[in-house]
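Below is one structure, written out as structure tokens, with a few remarks after it.
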Amino acid sequence: MSDKLSPIEYIKTKSDGLRGTLKESIELDNHTGNVRPDDETLVKFHGMYVQDDRDKRAERALKKLDKLYSFMIRLRIPGGQISAEQWLATHDISEQYGTGTLKITTRQTLQLHGLLKHQLRPTIQSFNVAKLDSIAACGDVNRNVIVSAHPQLSPLHKRIHDYADKISKLLLPKTQSYYEVFIDGEKIYERSAEADPLYEDRYLPRKFKIAIAIPPSNDVDLFTNDLGLIAIVENNQLKGFNLVIGGGLGTTHGNVNTFPRLGNVIGFVDTEEKTLKAIYETLTIQRDFGNRSDRKLSRLKYTVERLTVEGFKSELEKRIGFTLEPEKPYEFTERNDRYGWEKNQEGKWFYTLFVEHGVIKSNQKAFLYEVAKLKASNFIFSGNQNLILGEISDLDKTKIETLQKQFEIDVAVSALRKSSMACVALPTCPLALAEAQRYLPVLVTKIEPLLEKYNLNNEEISIRMTGCPNGCGRPYVAELGFVGTGPEQYNFMLGGDRFGERLNKLYKEKQSESQILEELDVLLGKYVKEKLENETFGDYTFRTILN
């Protein structure tokens, strides 16, 4: 590993607690819709990305106009749950600023797209009034902590869910620059209060993701996270957590040193104190040992590969001051969300709304606004980009069902579509090589007749697509994975398992739509004829084609 630091490392250390020249970029630089180059890095730590509309680049270039810059804001919502009042506020903010679209992400939070630079401060201020923020939702820090979404998974769901907020608070940066730049504009002079023993002035080498899974559900895709906790519940008692390290999916086309990796279970912790200590020190190891010269090799998975799993575990035990116990048994038997109405052990109702790729459609947005006005439920986002309305009484259930009919909410969709996921990709992601969010619904529509042909309509085959190899839509843990390589071309991945515990493998490179559909026709036909009893499509392709 080179001793030479990447340029991003210098930007962080000289940023004065992530302030940089952000105030000047936002308030003074009226000649561009962008911020200054170094501030493009720093604004991420405050939960924002600079984007531009790539569909309009060529047209604007011909007119000698600057790119059509805008910003995406991502909220920090540990565990993905907000109140009805907060939903109303978020709805109103999205109507006033940006494109009006609300998007649920794979990390149980919301994104607003299309905000102009002069709208950033009023948008953040409005969220602050609603007790919502975007601190550390992006950047080289711990990101939004996610947890298995549906309360019916366990009577202890709330207790386990509360860990997301505890972990998020524990790992927040200490700098107050977010409030200084975006909210009150007051310069904070007492900088000694911002001393940050975790992040220091360098922060982490790259982003860091944490997930908590409550078996039997792996709806959070636990093994794809830098750090995972598997809740161990016995006789309705939380015994503790299995600790999982080193997951991550991002790769780079043509760079053999990059690869997707699933996390390893390294042991068990039995108390809250030990759990939080182990989490904190896992980050300090990544801070101290992570690659700061090549950002393509800087995620925790590469640190674990260099140190080895046992070497990492040994360093962690040295820092936490106790020995991890052997892992406890667990089993995942589901990964999809539980759609429709379900009642929990306390007699409260929960309704899961399918939101294709997290993009809340206009009729869904209007429906949810009316539901929020009833003050009859909370709002829970899932790691599968769907939305759960929870804690609903029998009386309020009847009111919501009336609204469902009014806004035509319960539209039947196929099992394949419910098992689909895509990243944003074009036109706003600067890394996208191909379509994803805009195209996967079209591809699914063309695959559905093949499923009907082979009587597989109810088969929950997981299908995921990304516009580049970074893995934001988690395509490498799908039974059918598609990774963009160029316009209208995708690497075709096969062999992932149904529950997210096995990576898929490359089946065909640079496939067009017609090639994908031709291959699938053959594969599905063989699957129906040759599968073992209860064998899933992913297990079949792994057994017969990839081995």
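A short reminder: the numbers here are calculations on the coordinates, not readings from a lab. Predicted model, so just to flag it, every value in this text is computed and none were measured. Neighbour counts run over all protein chains shown; Cβ positions are idealised from the backbone, glycine included.
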Of the residues Gln404, Gln437, which single one is under 19 Å from the mean Cα position of the chain (by Cα) and not in a strand (DSSP E or B)? Gln437
Members of the range 454-482 that are farther than 20 Å from Thr333 by Cβ, more than 19 Å from the chain's Cα centre (by Cα) and among the polar types (S, T, N, Q): Asn455, Asn457
Determine which single condition Trp87 fails, assuming it passes every other condition in (1) out of contact with any Asp or Glu (no Cβ under 8 Å at 6 or more places or on another chain); (2) not in a helix (DSSP H, G or I). (2)
Within the range 90-97, identify whether any single residue is in contact (Cβ under 8 Å) with a residue 40 or more places away in the chain, surrounded by 15 or more Cβ atoms within 10 Å (Cβ to Cβ) and among the aromatic types (Phe, Trp, Tyr), and answer yes or no. no
Where in the range 277-379 are the helices (runs of 4 or more DSSP H), entirely inside, with at least 1 residues that are among the acidic types (Asp, Glu) and under 25 Å from Asp497 (Cβ atoms)? 300-307
Restricting to the range 441-479, give me the number of residues that are closer than 18 Å to Phe223 by Cα, in contact with a helix residue (DSSP H, G or I) (Cβ under 9 Å, 6 or more places away or on another chain) and either without any contact (Cβ under 8 Å) to a residue 24 or more places away in the chain or not in a loop (DSSP other than H, G, I, E, B) (or both). 4
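Conditions (1) surrounded by fewer than 20 Cβ atoms within 10 Å (Cβ to Cβ); (2) at negative phi; (3) touching a residue at least 60 places away in the same chain (Cβ under 8 Å); (4) among the β-branched types (Val, Ile, Thr), marked per residue:
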{"position": "Lys158", "(1), (2), (3), (4)": "yes, yes, no, no"}
{"position": "Tyr163", "(1), (2), (3), (4)": "no, yes, yes, no"}
{"position": "Leu172", "(1), (2), (3), (4)": "yes, yes, no, no"}
{"position": "Leu222", "(1), (2), (3), (4)": "no, yes, yes, no"}
{"position": "Leu238", "(1), (2), (3), (4)": "yes, yes, yes, no"}
Any idea which of (1) of a type in the set (A, V, I, L, M, F, W, C); (2) over 26 Å from the mean Cα position of the chain (by Cα); (3) surrounded by fewer than 22 Cβ atoms within 10 Å (Cβ to Cβ) is the one Ile392 doesn't satisfy? (3)
With the requirement that a residue be within 30 Å of Glu305 (Cβ to Cβ) and touching a strand residue (DSSP E or B) at 6+ places or on another chain (Cβ under 7 Å), what does the range 1-45 give you? Glu40
For a quick check of your reading of the model, give me the residue pairs whose first member lies in the range 275-288 and is over 15 Å from Ala211 (Cβ atoms), whose second is polar (S, T, N, Q) and surrounded by 20 or more Cβ atoms within 10 Å (Cβ to Cβ), with beta-carbon atoms closer than 8 Å and at least 6 apart or on different chains. Ile285/Thr303; Gln286/Thr303
